Structure formats: C-alpha cells, structure tokens
Amino acid sequence: MELMDPLLHNDYCPGEFLKCVQVGLLCVQEDAFDRPTMSAVNVMLKRDAVILRQPFKPAFSVGRFTHHSNGHFEDDNISVNSLTVSAVAP
C-alpha cells in the first residue's frame, strides 16, 4: 500500500512521515477517550523528540491484506470508493 505522494520523489524525512502516520492513527481510535486532543496533536507534530504511544485498532478500516510466503499481498474484503471534486472558476 502506497501512502506517500509519488510527486515527493523521496524528498521527505521518513521519521517525520512515520510520526504523522502514527499521530493520524491515534486520532481515529475507536474509543474517543483514547484519542488525543487537538492541542496534544499540535505538540506531537511540532516537537522533534516526543514519545508517542502505540495506537490501538482504529475505529474503522478499509480492508485487510494477507501476506503470502511468496512475498505478495492479497486483499480481503476491501472496499474501493472514489470521489470527484470540481472547482468552478470565474
């Protein structure tokens, strides 16, 4: 699964990227009590040396991937949604 925009061409810090993903997962915890406040999210993203707790299972997931011994992934029960956005210009 690709998470990075290919236009970045590896011009990003992997540690910062992983921190953003982990903070994002903390924000979608099933139990609202486990989700950070916006001020806590702000601190987590701004500070370089911050210890983040491991997220639990998110409140929702799109699907599940099974890793096979041949190195390939197989998607199970995955749903695909699409969205079209149009902007009206003068």
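The values are calculated or read from the model by the stated rules, or taken from the named source; none is laboratory data. Not measured: the values here are computed from a predicted model. Note: ideal-geometry Cβ built from the backbone for every residue, glycine included; neighbour counts use all protein chains shown.
The table below gives the values:
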read-out	value
Among residues of the range 44-63, those that are touching a residue at least 24 places away in the same chain (Cβ under 8 Å) and assigned to a helix (DSSP H, G or I), counted	2
Lone qualifier among Val23, Val41 - being in contact with a helix residue (DSSP H, G or I) (Cβ under 9 Å, 6 or more places away or on another chain), at pLDDT 85 or above, farther than 18 Å from Leu3 by Cα and not in a loop (DSSP other than H, G, I, E, B)	Val41
